[in-house]
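Working notes, structure below.
The values are calculated or read from the model by the stated rules, or taken from the named source; none is laboratory data. The structure displayed is predicted, hence computed values, not measured ones. Don't worry about glycine lacking a Cβ; one is built from the backbone with ideal geometry, like all the others, and counts go over all protein chains shown.
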There are 2 protein chains.
Amino acid sequence: MENIMEKLTALCKRRGFIFPSSEIYGGINACWDYGPMGVRLKNNIKTRWLNALTRLRDDVVPLDAAILMHPRVWEASGHVREFADPLVDCKHCKARYRADELGCDPTAPDAQCPTCGMRGTLTPPRMFNLMFKTFMGPVEDEASVIFLRPETAQGIYVNFDNVRVSMRKKLPFGIAQVGKAFRNEITPGNFIFRTREFEQMEMQFFIKPGENERWFSYWKDERMNWYRSLGIRPEKLRFHDHGPGELAHYARAATDIQFEFGFGSDPWHELEGIHDRGDFDLTRHQEYSGKKLEYFDEETRERFLPNIIETSAGCDRTLLVTLVDGYREEEIKGETRVFLGLHPGIAPIKAAVFPLVKRDGMPEIARRIHDELMRRFEVFYDESGSIGRRYARMDEVGTPFCLTVDSQTIQDQTVTIRWRDTLAQERCAIDRLGERLTDLIGGC
Amino acid sequence: MENIMEKLTALCKRRGFIFPSSEIYGGINACWDYGPMGVRLKNNIKTRWLNALTRLRDDVVPLDAAILMHPRVWEASGHVREFADPLVDCKHCKARYRADELGCDPTAPDAQCPTCGMRGTLTPPRMFNLMFKTFMGPVEDEASVIFLRPETAQGIYVNFDNVRVSMRKKLPFGIAQVGKAFRNEITPGNFIFRTREFEQMEMQFFIKPGENERWFSYWKDERMNWYRSLGIRPEKLRFHDHGPGELAHYARAATDIQFEFGFGSDPWHELEGIHDRGDFDLTRHQEYSGKKLEYFDEETRERFLPNIIETSAGCDRTLLVTLVDGYREEEIKGETRVFLGLHPGIAPIKAAVFPLVKRDGMPEIARRIHDELMRRFEVFYDESGSIGRRYARMDEVGTPFCLTVDSQTIQDQTVTIRWRDTLAQERCAIDRLGERLTDLIGGC
């Protein structure tokens, strides 16, 4: 399985999904750049998430808050005080560990550094805050210290009233946001699984107190179904409920949606967290800002602070799951065929258009088909190399359908549609291609 | 015109387009959060830009590079040395100025502070670098200083070879990117015109040396046409060519696309810059990284560094233009009707669906129409308040079409389509609404 991650990393670079950031300068630790195929895949995942959460329902609206927020936000949220990991250094070889991942007590007299094997060289754990800090305004003093947000959720909480009033929303309703967050992780790694700059897809659902269990359960189901709707194999997905000892300071109940990534001693890792946050967030922001955030229920004539059910997903992790779950190797006539079994709805390219050969007017017909289809879909035209090589390249970027113009096309105005996963072929009239592809790709 | 900016700022907050960031904490200077209507408008603008630049043509591909880059990138680009503004303080009233915007020489003996009117209180200008810096890794020392990117363009240059090879591209070709950038501006302001966190839409077009004039001229036309395709009034747009004294250190030729925003002593302000950057960027990155970035031309068998034509647009500024240009007040029967004349392709909501009254089965029919249309468009259902108030709310968020179910609907299965700009009305059969809206909204 480690092997698949290596193969994927190589495929992602070779086929333009993901490059190491600033690679010509030797890279920058745990930052990645999305190439042409990667950015399309990522944008499709984000759009699909936003559509499922907001466009296809009336009770959740989108938001896009700034990355730079007022520093008091992070005092209210608890991040200034709590958002820290215990850091351990080896004084001999300079290796660096998160104490909770070290596997031993670094203060024990015979504690041994896992990297260099020396004993007694580990420092005691010291707490290290994971927020990146910077300075706003020209003078670097304490007054102007601000942070890069370590999560997008706080941008939603501080806008609760602005969104509620401007959208005339009544409980229950949610606010959904896609955006970058930054954490100065001590031990980033596993390709794009844990990075210092990453993108979140978070939704906060505001409810009446007392309805927590019902909505927590509702959103667990909704979110699991969303991953399944991306075509992820159900047996690779599971819930991991947090016991009382595992709960974060803000959570009354929590579950992770995990995927069997395969790396590490436990192959299952978190993909999304679903949390019953009670009234922790609005209570704290009301207290720290001095602004009333209560909701007035017109039916019961009561005033109260709404409770919150949160669904917090990693966009990069979801993308990684589509790659890991979609990666396929097949033996065909002694040759290995590699393809990405991406759901057509998120595939970077929906269809490729090929002339079988570069003569008999086939390139011109294929061009016309391409130019017509590109108004509705991301399509790709290719006439270079053998048809087999062109199919192989499209397989590796997960293109679900290849349309080939051949000699029969000239006679009956049909093309071959070749299916990536099954290699099945069908003929389709050129003037019905748009409709057929719409059916095959499916809705939002 | 200042008046329109004030009205727009109020409308944007009232109708959920744009809120001051961290407003419950008193705000954070020159940062803004996009509310439900704003994020939809912004996403539509970004998608339209990406479609025009990449999906609808074969020679430009998208990229999404990380915000955090290797610090040497900013030495190579010249930002560490050059990206600074001259800062002047008033020692008396603490007002802060950009020397080039001050309108007088602060070192002259009788120089007077424009804010407090005192003479001789201004400091000499000192250069202030506009890059936000932060620290990667747990230790705050010089070795780990990194910057928030002040522009997205460098992410494209350092990925030139990765994109070229993985996409098998030959010159000329372009790389397009949408993403956040950060500048510690001394004098931000004018709503979302100049902010410290903003979003860029940049495209770098790599060409053979010698073809610069032709491609510079080509991209000027393309980009101007793009703004016109958004429905911006042509008389509000113009080119401003830079004279030799205005050129930045990297530019051989430059023009701005300006819009008549209306604020300031000169009402025209930059919306997009188009630059002939020659081989400055690849030369510098080749020198600083030690990696060859030359291109081998298979036809002429020559090796050379490509030249670059850049188109650099502000996403937030484009959004502001659509608001300023779209804002309309009309007198109708002694009442003022306010509406946003947004192009249907970028309007946050494409159509609203109303039952005329809350009886006779009209809400049920309207709901069914809404639920059918939402699979293809962002639509909005509303049954609260008078039909006039519902129209007015949709006018203010720029919804181009309102569909009303009335008593005639029950007889003949048609609804009224009301046009936002002209108030014209037409009847349309319910089962033809999807098709009709597709025609009215237009393509990508």
| query | Do we have A:Ala108 as among the aliphatic types (A, V, I, L, M) and exposed (fewer than 12 other Cβ atoms within 10 Å of the Cβ) here? | reply | yes
| Among the residues of region B:87-94, is any free of Cβ contacts under 8 Å to residues at least 24 places away in the same chain, in contact with a Lys or Arg (Cβ under 7 Å, 6 or more places away or on another chain) and farther than 24 Å from B:Gln154 by Cβ? | no
| task | State whether one or more residues within region A:220-228 are among the acidic types (Asp, Glu) and out of contact with any Pro (no Cβ under 9 Å at 6 or more places or on another chain). | result | yes
| message | Anything in region B:104-118 that is of a type in the set (A, V, I, L, M, F, W, C) and within 14 Å of B:His92 (Cα to Cα)? List them, or say none. | response | B:Ala111, B:Cys113, B:Cys116, B:Met118
| message | Any residue that is more than 27 Å from A:Phe263 (Cβ to Cβ) and among the hydroxyl-bearing types (Ser, Thr, Tyr) - is there at least one of those in region A:190-197? | response | no
| remark: Residues of region B:165-185 being within 10 Å of chain A (Cβ to nearest Cβ) and touching a residue at least 12 places away in the same chain (Cβ under 8 Å), in sequence order, are B:Met167, B:Lys169, B:Ile175, B:Ala176, B:Gln177, B:Val178, B:Gly179, B:Lys180, B:Phe182, B:Asn184, B:Glu185
| task | Name every residue in region A:11-41 that is in a helix (DSSP H, G or I), surrounded by fewer than 22 Cβ atoms within 10 Å (Cβ to Cβ) and at the interface with another protein chain (Cβ under 9 Å from one of its Cβ atoms), in order of residue number. | result | A:Lys13, A:Arg14, A:Glu23, A:Tyr25
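Residues of region B:326-346 being of a type in the set (D, E, K, R) and under 25 Å from the mean Cα position of the chain (by Cα), which ones?
B:Arg328, B:Glu329
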| When you look at B:Arg328, is it exposed (fewer than 15 other Cβ atoms within 10 Å of the Cβ), in a helix (DSSP H, G or I) and not hydrophobic (A, V, I, L, M, F, W, C), yes or no? | no
| request: Within region A:46-65, identify whether any single residue is in a loop (DSSP other than H, G, I, E, B), closer than 22 Å to B:Leu148 by Cβ and of a type outside the set (Phe, Trp, Tyr), and answer yes or no. | output: yes
| said: Suppose we filter region B:15-38 for residues that are under 16 Å from A:Ile146 (Cβ atoms) and in contact (Cβ under 8 Å) with a residue 12 or more places away in the chain; how many remain? | reply: 7
| Do we find that B:Leu247 is touching a helix residue (DSSP H, G or I) at 6+ places or on another chain (Cβ under 8 Å) and farther than 19 Å from B:His343 by Cα in this structure? | no
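So which strands (runs of 3 or more DSSP E) are wholly in region B:68-160 and hold at least 2 residues that are charged (D, E, K, R) and not assigned by TED's automatic domain parsing to the domain that holds B:Gln286?
Values: elements: B:84-89, B:96-98, B:126-129, B:133-135, B:145-147.
Once the strands (runs of 3 or more DSSP E) in region B:68-160 are filtered for at least 2 residues that are charged (D, E, K, R) and not assigned by TED's automatic domain parsing to the domain that holds B:Gln286, what remains is B:84-89, B:96-98.
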| said: Which count do you get for residues in region B:51-60 that are in contact with a strand residue (DSSP E or B) (Cβ under 7 Å, 6 or more places away or on another chain) and either within 24 Å of B:Lys236 (Cβ to Cβ) or more than 10 Å from chain A (Cβ to nearest Cβ) (or both)? | reply: 2
| remark: Residue set A:Ala248, A:Ala181; condition part of a strand (DSSP E or B), assigned by TED's automatic domain parsing to the domain that holds A:Leu282, under 30 Å from A:Asn29 (Cα atoms) and among the aliphatic types (A, V, I, L, M); output residue A:Ala181
| query | Any idea which of (1) of a type outside the set (Lys, Arg); (2) within 19 Å of A:Tyr327 (Cβ to Cβ); (3) touching a Ser or Thr at 6+ places or on another chain (Cβ under 9 Å); (4) not in a helix (DSSP H, G or I) is the one A:Tyr227 doesn't satisfy? | reply | (4)
| query | Is it the case that some residue within region A:143-163 is charged (D, E, K, R), within 14 Å of chain B (Cβ to nearest Cβ), farther than 16 Å from A:Val73 by Cβ and surrounded by fewer than 21 Cβ atoms within 10 Å (Cβ to Cβ)? | reply | no
| remark: Exactly one of A:Asp360, A:Asp431, A:Asp439, A:Asp371 is in contact (Cβ under 8 Å) with a residue 40 or more places away in the chain and of a type in the set (Asp, Glu), and that one is A:Asp360
| task | Could you tell me whether A:Phe296 is in contact with a Lys or Arg (Cβ under 6 Å, 6 or more places away or on another chain) and not in a loop (DSSP other than H, G, I, E, B)? | result | yes
| message | If A:Met201 satisfies all but one of (1) within 12 Å of chain B (Cβ to nearest Cβ); (2) under 21 Å from B:Lys42 (Cα atoms), what's the number of the condition it fails? | response | (1)
| query | How many residues does region A:61-80 contain that are among the hydrophobic types (A, V, I, L, M, F, W, C) and more than 7 Å from chain B (Cβ to nearest Cβ)? | reply | 3
| Subset of region A:225-246 that is over 20 Å from A:Phe173 (Cα atoms) and of a type in the set (A, V, I, L, M, F, W, C) - its residue that is surrounded by the fewest Cβ atoms within 10 Å (Cβ to Cβ) | A:Phe239
| Can you list the strands (runs of 3 or more DSSP E) found entirely within region A:347-444 that contain at least 3 residues being surrounded by fewer than 17 Cβ atoms within 10 Å (Cβ to Cβ) and over 33 Å from the mean Cα position of the chain (by Cα)? | A:425-429
| task | Could you list, in sequence order, all residues of region B:186-198 that are touching a Gly at 6+ places or on another chain (Cβ under 8 Å) and more than 13 Å from every other protein chain (Cβ to nearest Cβ)? | result | B:Asn190
| query | Where residues in region B:164-196 are touching a strand residue (DSSP E or B) at 6+ places or on another chain (Cβ under 7 Å), closer than 23 Å to B:Asn51 by Cα and of a type in the set (Val, Ile, Thr), which of them is surrounded by the fewest Cβ atoms within 10 Å (Cβ to Cβ)? | reply | B:Val178
